[in-house]
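Chemist: Structure below; questions to follow.
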């Protein structure tokens, strides 16, 4: 293919063609790397959410009891009788969606308030699981960013 460029009598045209091809290759590699990163983060978040929801519905082993302010927060959650099962059901559906790759754009938005709430709960009452909550929230934001073109119509005035 390089010979075709060199057959051109005008060296500036051949140089432009080679540069355009190089730029195209670089952009193609960036797109491929972004897609691979998106798939990896989506599947890891999906597996994490599946694990968190399945262990809630089917307890495996002894769960550590919350202490301090977090114990008060969880007592309030448990007093409502519906909040924790609802949140864990959402996590289960999002996890299934992320692992299967179906309805990912929809469930990115469904997970956003849940992941934000998890992050805020780990910032204010206690900072025990802050790294995990931060990874969940940032992963959710990354997936929204990677599908940003799908959300542009929603945000138009």
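Chemist: Of 146, 100, how do they rank once you tally other Cβ atoms within 10 Å and put the fewest first?
Modeler: 100, 146
Chemist: Work out how far the C-alpha atoms of the stretch 62-121 reach from end to end along every principal axis, then list the three figures in whole Å, largest first.
Modeler: 39, 24, 20 Å, listed from the longest principal axis down.
Chemist: Based on the Kirkwood radius over alpha-carbon pairs, what value in µm²/s does the Stokes-Einstein equation return for the translational diffusion coefficient of the stretch 71-157 at 20 °C and 1.002 mPa s?
Modeler: Result for D is 151 µm²/s.
Chemist: Suppose we keep just the alpha-carbon trace of the stretch 98-141; what are its Rg and Dmax in angstrom?
Modeler: In Å, with Rg to one decimal and Dmax whole: 11.5, 35.
No lab work stands behind these numbers, since they all come straight from the coordinates. Worth saying up front: this structure is predicted, and the values here are computed from it rather than measured. Note that each Cβ is placed from the backbone with ideal geometry, even for glycine, and that neighbours are counted across all protein chains shown.
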